[in-house]
Amino acid sequence: MYKIAVIPGDGTGPEVIREGLKVLGRVSECFNIQFEFTHFDYGGKHYLETGEVLPADALKTLKDFRAIYLGAIGHPEVKPGILETGILLALRFGLDQYINLRPVKLYPNVETPLANKGPAEIDFVVVRENTEGLYAGIGGFLKKGTPDEVAIQEMINTRKGVERCIRYAFEYTRKRNKGKKLTLCAKTNVLTYAHDLWMRTFTEVAKEYPDIQTDYAHVDATTMWMVKNPEWFDVIVTTNMFGDIITDLGAMIQGGMGVAAGANINPEGVSMFEPIGGSAPKYTGKGIINPVAAILAVHMMLQVLGENRAADAVEASVVTTIGKMKSMNAGQTGFSTSEIGDMVVEGIE
Ligand code: IPM
Ligand code: MN
């Protein structure tokens, strides 16, 4: 019995999460896996009503679950930063989900903006460090609002944080068993201290993985190769900020926010699964948002739980469903949100 915490969140979050839960319901029937779902109403609406982002006991409560299924966080009436740091980052940090795993996989029949590239060329995974770097929130203002203002935001890189991320990436590359190649994406030519630590750690850990080919690309060059030669990549390991940026580019080349899913993983604790697109206020309540990304987040959850047969069945059904859809973009799929969920459900056996 898996206890799953569900945070539908804001905007279209609840609409896509509903479809993911339908899929888990079907998985439960077909594979004899039991789930128990508990819903939490954290998000913009809760904040506007109560002034509270996360309740004081939220982390303690969530630690009792096997996984968290998250829709989207972000509300047009809340100032940027409050919900993102107060909920999403607070959960990632508080639950020590130090890996953000983001597959960039172009499924058959999905349109990519890259010319002459198809599913054979676009299939790699980004391992993003998820608890440090520029996201650590260390800094402050001096003389705020005056002409002498100073704003400092420090980038934190600890040996422990860097090493556990790199080690995870090597293990993942070995387990994935595809190209057996791990590329470090950083900026060693400018960030001569922080990314020197990354490079040294990468080189040292690599010695324990003689079966894995290693490579290095600066982050700017990485964006170039992702567009020009995405087939060069198997697994990329990178920092929090760079991972954030390159995975939005990754989402675009794999067909858009309608298909991109990610997992915030604490290998020793509670992991959280989410579609990586935002709350999409302009599509909210219309029933036209594409739930495929949220369903692929379910696929990742099943993989991390070790339910591989169920995970494969979900992915196979998503592939069949995508084959019937006109587009991955909200409003252009040819189906309603719930019809897409139904098709995936029907295809699971
Ligand atoms: C993401 C998002 C978040 C991030 C924001 C909402 C804080 O862009 O999951 O990629 O920057 O990590
Ligand atoms: Mn992002």
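The values are calculated or read from the model by the stated rules, or taken from the named source; none is laboratory data. These numbers were taken from a predicted model, which means no experiment stands behind them. Virtual Cβ from ideal backbone geometry, glycine too; neighbours counted across all protein chains shown.
Data table
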read-out: Qualifying residues in segment 240-258 (those that are closer than 21 Å to Val16 by Cα and away from ligand 1 (no atom under 15 Å from the Cβ)) - the one surrounded by the fewest Cβ atoms within 10 Å (Cβ to Cβ); value: Gly255
read-out: Whichever residue in segment 259-271 is more than 10 Å from ligand 1 (Cβ to nearest atom) and within 9 Å of the chain's Cα centre (by Cα) and, among such residues, is nearest to Thr321 (Cα to Cα); value: Ala261
read-out: Matching entry among Gly277, Gly287 (being in contact (Cβ under 8 Å) with a residue 60 or more places away in the chain and surrounded by 24 or more Cβ atoms within 10 Å (Cβ to Cβ)); value: Gly277
read-out: Residues of segment 229-262 satisfying the condition of being near ligand 2 (Cβ under 10 Å from one of its atoms) and hydroxyl-bearing (Ser, Thr, Tyr); value: Thr247
read-out: Some residue of segment 178-186 being surrounded by fewer than 15 Cβ atoms within 10 Å (Cβ to Cβ), within 29 Å of Ala120 (Cα to Cα) and at pLDDT 95 or above; value: yes
read-out: Check on Ala120, closer than 30 Å to Val319 by Cα and assigned by TED's automatic domain parsing to the domain that holds Ala186; value: yes
read-out: One residue from Glu36, Glu29, Glu84 being more than 30 Å from Arg309 (Cα to Cα), surrounded by fewer than 20 Cβ atoms within 10 Å (Cβ to Cβ) and not β-branched (Val, Ile, Thr); value: Glu84
read-out: Some residue of segment 197-219 being closer than 20 Å to Tyr168 by Cβ, within 16 Å of ligand 1 (Cβ to nearest atom) and touching a helix residue (DSSP H, G or I) at 6+ places or on another chain (Cβ under 6 Å); value: yes
read-out: Residue within segment 296-318 that is within 16 Å of ligand 2 (Cβ to nearest atom) and either more than 20 Å from the chain's Cα centre (by Cα) or in contact (Cβ under 8 Å) with a residue 12 or more places away in the chain (or both) present; value: yes
